[in-house]
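Working notes for the structure below.
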Amino acid sequence: MTGHVLRRSDGSIWQLKSEKWGVEESSKVMSGMIEIRKEEPADQDAVRIINEIAFEQGPEAAIVDKLRKSCKEYCSFVAVNQDTVMGHILFTPVTIDGSNLIGMGLAPVAVLPLYQKQGIGSSLVRHGLQHLQRSGCPFVIVLGHPEYYPRFGFEQASHYKLKCQWKGVPDEAFMVVIFDRDVLPREGGITRYRAEFDEAM
Ligand SMILES: CC(C)(COP(=O)(O)OP(=O)(O)OC[C@H]1O[C@@H](n2cnc3c(N)ncnc32)[C@H](O)[C@@H]1OP(=O)(O)O)[C@@H](O)C(=O)NCCC(=O)NCCS
């Protein structure tokens, strides 16, 4: 992924480096008693358990473990209350066929059932998107609940001719939030998550 170049509408050039979308040490926010901060090595077991429980033993926990090792741009945040890790969100790079533009894919996001419906998932999504927008990421895709993600600015990806790599995905479930409209390929294309998502399915 290193070396991709993005030409901005103002003519400036921005180059994707692995550290560009890494999570800064200072990247944290307090929301009531909940702190959203970068994932640390000591959080790894908690992150695995959160994904195992929230996704009822689905493949997500294993995908996250794999990406942590293989993906330089792994961008992961946790929601913490004192010493309890309550939620987790991950962003990894995505491509568009026929274009050298790189965006990010949100997947997965999970909150322990005991703490759901208290705004933690929303804080994680908002914090992650804000971080990516500030660091120059042009767009973020998500495959998820169409009732949940539009509140964060996600729209149907098909409006921008962006297609999901997997067949049979309902149109309204595949969404995108665009931070830099000018760099998106007008002809759209098939977007692709990291291969680790395919391999685990
Ligand atoms: C989705 C999830 C991360 C949301 O976390 P959360 O902390 O409960 O979210 P918030 O409290 O910020 O927001 C709650 C809202 O999310 C909605 N929501 C939660 N799960 C939903 C679902 N499966 N479909 C649609 N909406 C959902 C709730 O109805 C609620 O809506 P409201 O604000 O209009 O009442 C959490 O429910 C979870 O971990 N689910 C299991 C894993 C999962 O499905 N992850 C998302 C994959 S796309």
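Quick notes on this structure:
- Going through (1) in contact (Cβ under 8 Å) with a residue 60 or more places away in the chain; (2) more than 12 Å from the ligand (Cβ to nearest atom); (3) not acidic (Asp, Glu) one by one, Lys69 falls short only on (1).
- Residue ID - nearest to Arg194 (Cα to Cα), chosen from residues in the range 154-179 that are touching a Ser or Thr at 6+ places or on another chain (Cβ under 9 Å) and charged (D, E, K, R): Lys163
- Residue satisfying condition, being under 22 Å from Gln165 (Cβ atoms), small (Gly, Ala, Ser), in a loop (DSSP other than H, G, I, E, B) and modelled with pLDDT of 95 or more, within set Gly105, Gly98, Gly128, Gly136: Gly98
- Among the criteria (1) farther than 26 Å from Ala62 by Cα; (2) of a type outside the set (S, T, N, Q); (3) over 13 Å from the mean Cα position of the chain (by Cα), the one Phe154 does not fulfil is (3).
- If you go through the range 98-127 and keep only what is in contact with a Cys (Cβ under 7 Å, 6 or more places away or on another chain) and of a type in the set (Gly, Ala, Ser), you end up with just Gly103.
- Here Tyr193 passes the criteria (1) touching a Cys at 6+ places or on another chain (Cβ under 7 Å); (2) within 16 Å of the ligand (Cβ to nearest atom) except the one numbered (1).
- Selected residue (criterion: modelled with the highest pLDDT) from residues of the range 13-45 that are surrounded by 17 or more Cβ atoms within 10 Å (Cβ to Cβ) and within 14 Å of the ligand (Cβ to nearest atom): Ile36
- Scanning the range 145-165 for residues that are at positive phi and either buried (at least 16 other Cβ atoms within 10 Å of the Cβ) or in contact (Cβ under 8 Å) with a residue 60 or more places away in the chain (or both) gives a single hit, Gly153.
The values are calculated or read from the model by the stated rules, or taken from the named source; none is laboratory data. For clarity, every value in this text was computed on a predicted model and none was experimentally measured. Cβ atoms come from the backbone with ideal geometry, glycine included; neighbour counts cover every protein chain shown.
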